[in-house]
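Down below is the structure, laid out as structure tokens.
Any read-out appearing in this document is the output of simple, stated calculations on the displayed coordinates, not a laboratory observation. Computed from a predicted structure; not experimentally measured. Heads up, the Cβs are rebuilt from the backbone with ideal geometry, glycines too, and the neighbour counts pull from every protein chain shown.
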Ligand SMILES: Cc1cc2nc3c(=O)[nH]c(=O)nc-3n(C[C@H](O)[C@H](O)[C@H](O)COP(=O)(O)OP(=O)(O)OC[C@H]3O[C@@H](n4cnc5c(N)ncnc54)[C@H](O)[C@@H]3O)c2cc1C
């Protein structure tokens with residue numbers, strides 16, 4: 001997407017909608033008196049994912065004293081690069097693609113000298129045991145025309161029309177505009193990888209906005225050379241590792257006229273090399289403000305004093321997260337041949353793509369990206385059984401796939417202790433119904449994170465909200 005001037009954005013984009021209509025309701029503009037009286041400038045940032053790290057970096061650059069508290073024994077949160085032992089091959093078990101439209105993410109990679117490499121694909125289709133090459137499969141002409149018309153009309157949607165669209169699920173809406181059964185099933189196979197659940201559960205507005213505002217490849221454009229975790233490491237260098245406390249789980253946030261006191265516990269033993277040992281006790285940390293970036297599952301476990309307003313707690317309880325299981329398999333040969341190989345399928349492994357595009361070597365990694373129930377099926381197997389399922393699912397494409405497999409690295413995000421899913425799924429009525437409520441600050445606690453972002457479900461969204469929260473404090 002080419003960057004549009006701000007006035008145009010204000011009128012037309014999904015992002016601008018929250019900024020204009022939602023801004024006061026969402027409480028994004030803080031009362032100026034809240035922070036102007038401060039004597040010191042100290043902020044506790046909860047969570048060292050991209051929202052937390054970008055907030056901490058911005059505050060640090062502005063001269064604030066920042067402490068980042070992170071529950072895990074690593075930084076990066078849902079950005080989690082993996083290198084197979086004995087190889088130089090890197091794949092991503094969390095966030096994969098950097099989008100063409102993701103301006104902040106691209107700018108940070110540029111500033112921190114992290115090269116981006118092309119990570120675009122041409123999809124094969126594997127259906128009912130038959131393989132179709134890119135270009136050999138697609139939608140009916142009626143569905144294609146209806147979809148094009150829908151995208152073309154997006155710019156002209158009024159706020160009321162957007163709000164009405166939000167009440168539908170994506171499947172029902174596509175059916176309403178003329179998709180036949182086969183078109184719908186195909187669309188579901190493809191789009192469910194974007195949302196992590198069947199399109200029967202996704203707000204039609206959230207879906208349309210994503211496709212209408214995205215780059216032609218739906219933001220599946222680049223990845224960071226060497227792994228997306230590099231950006232987390234670069235942030236950490238600049239924030240100062242001594243200011244980032246790993247294995248530190250926040251469980252309480254108490255506000256008083258003197259400031260905000262954050263408490264919790266440490267996960268013992270602190271990992272070697274972390275600075276958790278320098279943390280006297282979480283309950284002793286007091287700051288002028290807190291930026292809380294934890295996913296909703298974790299937020300609901302934090303005791304707020306004063307408590308979160310009932311509407312905000314209710315909104316949090318209603319938000320669910322996608323089930324995604326990523327399974328990267330190392331093969332002795334790149335039997336898929338095409339550098340830009342990917343394949344949508346109707347089997348458990350769901351979507352395959354070549355993770356080692358542009359990485360030299362004979363060996364290569366194909367990642368299976370399974371969503372919803374398929375993700376749950378794979379998550380409950382042992383590594384050995386998962387490997388068998390994923391490689392056997394490929395035999396219609398290449399019957400030697402099982403023999404060539406050497407190892408597997410999997411991560412089932414729906415089983416992650418802190419996230420309980422991959423990213424937020426806004427169901428019908430929720431995009432405009434609960435998202436603005438979740439973004440409201442609570443006294444001196446500001447919220448950030450993918451789940452409340454305009455670029456929701458993306459690294460860009462995490463950064464956008466982290467930087468916005470920091471900017472609220474700085475000004
Ligand atoms: C499988 C998968 C695929 C994805 N694909 C893409 C993609 O291709 N492109 C893209 O742009 N994005 C993608 N994303 C989304 C992207 O990863 C997220 O939007 C982004 O990383 C979220 O950042 P965040 O800071 O909001 O949350 P997180 O990264 O989850 O950070 C929150 C941090 O808070 C910590 N925490 C939780 N509870 C506590 C507590 N009580 N105390 C202290 N710390 C706590 C967590 O451990 C975590 O580190 C994907 C995500 C997944 C899971």
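Descriptive notes on the structure:
- Helix 181-195 and the long axis of the chain differ in direction by around 40°, with both axes built from C-alpha atoms.
- Packing-based order for 320-331, 60-71, 256-267, using average beta carbon neighbours within 10 Å, highest first: 320-331, 60-71, 256-267
- The protection proxy used here, the mean number of other Cβ atoms lying within 10 Å of each residue, ranks peptides 96-103, 360-367 as follows, highest first: 96-103, 360-367.
- Among 151-157, 219-225, 47-53, the peptide with the highest mean count of other Cβ atoms within 10 Å heads the list, and the full ranking is 47-53, 219-225, 151-157.
- DSSP assigns beta bridges within the chain; of those with both partners inside it, close to 70 percent run antiparallel.
- Sorted ascending by nearby beta carbons within 10 Å, beginning with the fewest, 343, 190 become 190, 343.
- Gap separating the Cα centres of segment 131-175 and segment 405-419, nearest whole Å: 32 Å
- Under 11 Å from a label point set 7 Å out along the Cα-to-Cβ vector of residue 346, the amide N atoms of segment 149-183 belong to 182-183.
- Packing-based exposure ordering (other Cβ within 10 Å, fewest first) of 109, 91: 109, 91
- Cα gyration tensor, segment 106-234 - rounded (a/c under 1.5), prolate or oblate: oblate
- With Cα atoms, 0 to 90° folded angle of helix 204-213 axis to the chain main axis: 80 degrees
- For the chain, the longest principal axis of the Cα atoms and the long axis of helix 141-154 meet at an angle of about 20 degrees.
- Placing pseudo-labels 7 Å out from each Cα toward the beta carbon at residue 406 and residue 156 gives an inter-label distance of 5.6 nm.
- Kirkwood-based shape ratio for the chain, expressed as Rg/Rh from alpha carbons: 0.97
- By other beta-carbon atoms within 10 Å, ranking 393, 338 with the fewest at the front produces 338, 393.
- When the Cα gyration tensor is reduced to axis lengths a ≥ b ≥ c, the ratio a/c is 1.5 or higher for segment 274-431, and with a/b above b/c it is classed as prolate.
- As a ratio to 2.2 N^0.38 Å, the alpha-carbon radius of gyration computed for segment 142-213 takes the value 1.01.
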